[in-house]
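The values are calculated or read from the model by the stated rules, or taken from the named source; none is laboratory data. This structure is a prediction, so every number in the text was calculated from the model and none was measured. Cβ placement follows ideal geometry from the backbone for every residue including glycine, while neighbour counts extend to all protein chains displayed. Accessible surface is based on the protein model in full, side chains and every heavy atom, while ligands, DNA and RNA are left aside. Shrake-Rupley method; radii C 1.70, N 1.55, O 1.52, S 1.80 Å.
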Amino acid sequence: MNRVAKIASILILIFQWALLYAQSSPPGMSSDVTARETTNIGRFKLTLGRSAMTGSAILKDRDTHFLTYHGNDDQGRQAVNFNARSSLLGFGARNWTAPDGTNWDQVVLPKVNNVENKLITKYPFFTLTIDGRDKSIEPLYDEVQPDLISDQMIVQTFETDMGLNVTARAYAWAEPGYDDFAILHYEIVNNGSDLQDFIISQFHGGQPGSEASRHDPGIESHFCNFYGADPDDSLNIWYWFDGDDPKNNKDDEGNPHTDTGEFLSPEYWGWGLIHADKSPSDHSNDVGNQPTTAYRTAREILGGIEDAPFYDFATSGTFPPYIDPDSGYDPFKNHDWVGGMTVGPYDVFPAGDTLNVVFFCGFAAPSIPEAQDMGAQWMNGEISEEQKNDWLRSSRDELFGYMSKATQVWENDLQLPPGDAPSHPGEISLNSGGGEATVEWQDVGGNVTYDLYRATVDEELLGGGSVRLRYIYLPIATDLNVTNYTDTGLDRGETYYYYVVSKDAQGLQSSHYYLRNPNGATIFAPSTDDMATIRVVPNPYNISEPAFAEQDRIVFAGLPGPCEIKIFTQSGDLVAEIDHPYERGIAGWDQISGFNQLIKSGIYIYHVKSTEGMGEKIGKFVVIR
């Protein structure tokens, strides 16, 4: 079985769906989640994982799945934690009898059983070769379907003690402009008895901008608002954002960095209702009548709600008040808000019938360079507080636009209006050289051109002294009619990361994420004809002070290009041989002997011989372990 692994770029939004709790216990909100399977196709990636629930046996040690948003990339901004303890889908009914014979006047959150997941992708994962070595990541998807309606999909099935069989499908796309959202479709089949006053209620919560950990102010200013309470509102969507902290008297909307002004929490993300069946026998969209209730409350309050009171709470028929980002609102706590919606009640959900609900999950944010630039302008007094806030809040309009797009895609049977984008190259190779790197890729065929993007890694110091890596990709060559490019003027010792986008005559592009890989090309000095420059770095090697990210790595520098390197003990025993057929003037060694053992402390002799007749050199290096 194939699986897809890709390191999540930097900041994360996790959406867990179908997280149901046992009806016999209060709905505990805490869980530990470990991602198991990942793949990137757009700004969203679909993830399979495991959930170990606290205070509930439901889904404990069972597979579940998530949507992860790894940032409004080109910048790799980490987004919001949308995690298991804040995401809940529940089914409710009146006058229901449990399998153990207990009669419930009203109940919600029935137990689930037989959870199964499958991660499906439209394209197989690509292969990456760096300096002749295979650096591909082992794929972690379950199945490749070239005719898949979306670029990626997760299918989850489960059963409940209510007799419901649920198939949940998450769809995500790679096409730019459609890669900031996912569509979530729940198909609910009643294989039990008739259910009275049946409801579907779901709520989520989270904190925008976990990058706010880079400074202290503003952590108490995360809010959510519901748009859809007015009959004239065109959408039904909860959206989360960072506003002003009511506990201090300064403008900190967007969490500006205290030193640079960079907005650390400029994100808006949302979850909305796209479709709800009018009835079990009428699957047309019940526009204007659903959801019947929207509710907001802090997690601490929800954690104490029993089954019967929760049914009343979720069917109150009310909608929450608006929170002003400039003032905030603090009835319980200023962050960790939960927003929920209820579809129904349906008078009767007959046995054998089906109901469908469809949700949107989306995200909007400026890029890191934009957040840095606007933040600096605001800190320097070049723009007013009003201009700054208007700019930040424009992401809300962008988010609403994404939900409108998602609605159109659903109504168009999941077909994107622009049509199918070209596929991405299936093979890429990087070859590093003296101050340059050559990128080659597989031709996808057809009338396409290629755009090439490059990134380096920035290290950011976070709270507590931890470090985060950010990959900021920028285009370096566009509209290429060839399948190779040599990137020159690069800094020695720096590692560069590349991906390629194919583009057709209509401007449709392949994924900007599928070809990203945590392995890059490290640039070295060019070869030299002066054998006297050959040396070992570091020398001495001390395990307590490694010079490279790979702890046991040492480097032979100043090489004459293609050469043979032999390492001996002081007594003349051969330890290892390195074949270096490249023109670059450097070769690495992981200190593993020809017998596949890590070498011990001691003094070692190296012998370098040019295979092009430029001479040879003998030297020494020291290893301290």
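Annotations
- Number of positions in the stretch 162-175 that are surrounded by 19 or more Cβ atoms within 10 Å (Cβ to Cβ), over 20 Å from Ser510 (Cα atoms) and not small (Gly, Ala, Ser): 4
- The set of residues from the stretch 347-375 being open to solvent by 10 Å² or more (accessible area, probe 1.4 Å) and modelled with pLDDT of 90 or more comprises Asp347, Val348, Pro350, Ala351, Gly352, Asp353, Thr354, Asn356, Asp373, Met374.
- The lone exception for Phe241 - which of (1) farther than 17 Å from Gln408 by Cα; (2) assigned to a strand (DSSP E or B); (3) touching a His at 6+ places or on another chain (Cβ under 6 Å) it fails: (3)
- Tally of residues being within 38 Å of the chain's Cα centre (by Cα), farther than 24 Å from Leu474 by Cβ and open to solvent by 40 Å² or more (accessible area, probe 1.4 Å) across the stretch 507-542: 3
- The stretch 521-537 - residue that is in a loop (DSSP other than H, G, I, E, B) and farther than 30 Å from Ile428 by Cα and, of those, modelled with the lowest pLDDT: Asp529
- Residues of the stretch 576-607 classified as out of contact with any Leu (no Cβ under 7 Å at 6 or more places or on another chain) and under 19 Å from Ile534 (Cα atoms), total: 16
- Selection within the stretch 340-374 - aliphatic (A, V, I, L, M) and closer than 19 Å to Asp179 by Cβ: Val358, Ala364, Ala365, Ile368
- Count of residues meeting criterion [surrounded by fewer than 22 Cβ atoms within 10 Å (Cβ to Cβ) and among the aromatic types (Phe, Trp, Tyr)] in the stretch 224-247: 1
A quick yes/no check of all residues on (1) in a loop (DSSP other than H, G, I, E, B); (2) open to solvent by 50 Å² or more (accessible area, probe 1.4 Å); (3) at negative phi; (4) at pLDDT 85 or above:
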| residue | (1), (2), (3), (4) |
| --- | --- |
| Arg85 | no, yes, yes, no |
| Phe91 | no, no, yes, yes |
| Arg94 | no, yes, yes, yes |
| Gly101 | yes, yes, no, yes |
| Val107 | no, no, yes, no |
| Val115 | no, no, yes, no |
| Asp147 | yes, yes, yes, yes |
| Met153 | no, no, yes, yes |
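- Test: Gln387 is open to solvent by 30 Å² or more (accessible area, probe 1.4 Å), under 24 Å from Leu148 (Cα atoms) and more than 22 Å from the chain's Cα centre (by Cα): no
- Qualifying residue in the stretch 125-140 (condition: free of Cβ contacts under 8 Å to residues at least 40 places away in the same chain and among the acidic types (Asp, Glu)): yes
- Residues satisfying the stated conditions in the stretch 129-145, i.e. at pLDDT below 85 and assigned to a strand (DSSP E or B): Ile130, Arg133, Asp134, Leu140
- The residues of the stretch 543-568 that are open to solvent by 40 Å² or more (accessible area, probe 1.4 Å) and closer than 18 Å to Lys609 by Cα, listed by number, are Glu564, Lys566, Phe568.
- Scanning the stretch 480-506 for residues that are loosely packed, with under 15 Cβ neighbours inside 10 Å, under 29 Å from Ala557 (Cβ atoms), at pLDDT 80 or above and not polar (S, T, N, Q) yields Gly489, Asp491.
- Residues that are open to solvent by 10 Å² or more (accessible area, probe 1.4 Å) and closer than 18 Å to Lys122 by Cα within the stretch 176-194 comprise Pro176, Tyr178, listed in sequence order.
- Listed by position, the strands (runs of 3 or more DSSP E) enclosed by the stretch 550-613 that each have at least 1 residues that are small (Gly, Ala, Ser) are 554-557, 574-580, 586-589, 602-610.
- Top-ranked residue of the stretch 393-419 - restricted to ones that are assigned to a loop (DSSP other than H, G, I, E, B) and under 23 Å from the mean Cα position of the chain (by Cα), ranked as modelled with the highest pLDDT: Leu414
- Residue within the stretch 248-266 that is crowded, with 22+ Cβ neighbours inside 10 Å, of a type in the set (Ser, Thr, Tyr), under 19 Å from Met374 (Cβ atoms) and within 20 Å of the chain's Cα centre (by Cα) present: yes
- Look at the stretch 526-542: where a residue is in contact (Cβ under 8 Å) with a residue 40 or more places away in the chain and under 21 Å from Ile603 (Cα atoms) and a partner is of a type outside the set (Lys, Arg) and exposed (fewer than 15 other Cβ atoms within 10 Å of the Cβ), sitting 6+ places away or on another chain with Cβ atoms under 6 Å, you get Pro540/Val622; Pro540/Ile624; Asn542/Ile624.
- Filtered by the rule that a residue be among the polar types (S, T, N, Q) and either surrounded by 13 or more Cβ atoms within 10 Å (Cβ to Cβ) or touching a Cys at 6+ places or on another chain (Cβ under 6 Å) (or both), the stretch 569-600 gives Thr569, Gln591, Ser593.
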